[in-house]
Amino acid sequence: MTNIKSKEENRRDFILNGNLYKIILKLSLPIMLSNLIQTVYSLTDTYFVSRIGDEYDHGEVIPDADGNWISGRTTILQDWILVLERM
């Protein structure tokens, strides 16, 4: 029981009295890793889902940079270019 308590005390002492930059880095690493995994999953999912419609492609309607609606098949790269142009 004392071993567990000493770990908790060490952890508390580290957070309250340790180097602020090390504390922030140590606490943020799990969040950054989780965001990286979620982003990779989303990009992979987007890639494979975008390939589903190739066989039965009827075209899409999307807004261009000027806000006009255009139709036709676009690639993921073209979609990202449109998004970045709006920024």
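Observations on the model:
- Test result for Leu43, surrounded by 10 or more Cβ atoms within 10 Å (Cβ to Cβ), of a type outside the set (Lys, Arg) and without any contact (Cβ under 8 Å) to a residue 40 or more places away in the chain: yes
- Close pairs from segment 65-87: first among the basic types (Lys, Arg), partner modelled with pLDDT under 70, Cβ under 8 Å, at least 6 apart: Arg73/Asp57; Arg73/Gly59; Arg73/Glu60
The values are calculated or read from the model by the stated rules, or taken from the named source; none is laboratory data. Note that the structure is predicted; figures quoted are calculated from it, not measured. For neighbour counting, all protein chains shown are included, and Cβ atoms are generated from backbone atoms with ideal geometry for every residue, glycine included.
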